[in-house]
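Take a look at the structure below.
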């Protein structure tokens with residue numbers, strides 16, 4: 001019964017992250033934070049899944065490596081955008 005409550009919390013976390021990702025799409029920093037929140041909920045889901053079925057935890061380490069790389073890439077894009085445009089608004093971009 002406790003596992004189902006934890007899975008419900010993880011699914012709720014993922015949905016909240018999705019809602020923030022969709023609703024706050026004007027700021028790059030908020031988008032990156034919501035992506036990291038979704039990655040954290042997926043990490044919790046995978047850890048619960050691996051604990052339930054007595055699987056190896058090495059896949060979690062691979063997942064964490066990729067999520068850290070994703071976070072570092074997002075931060076580097078954020079820093080480059082702030083240096084060139086002065087803010088993190090998507091509306092300040094010009095496609096021309």
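Read-outs: derived from the displayed coordinates by stated rules, not from any lab. The model shown is predicted, which means the values in this text are computed figures rather than measured ones. When we count neighbours, we look across all protein chains shown, and the Cβ atoms used for this are built from the backbone with ideal geometry, even at glycine.
Summary of values
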| quantity | calculated |
| --- | --- |
| Computed E for residue 82/residue 15 - FRET, C-beta separation, R0 35 angstrom, nearest 0.05 | 0.75 |
| Computed label-point distance, nm, for sites residue 72 and residue 27 using a 7 Å Cα→Cβ extension | 2.6 |
| Rounded, prolate or oblate (a/c below 1.5 giving rounded, otherwise prolate when a/b exceeds b/c) for the stretch 2-90 by Cα gyration tensor | oblate |
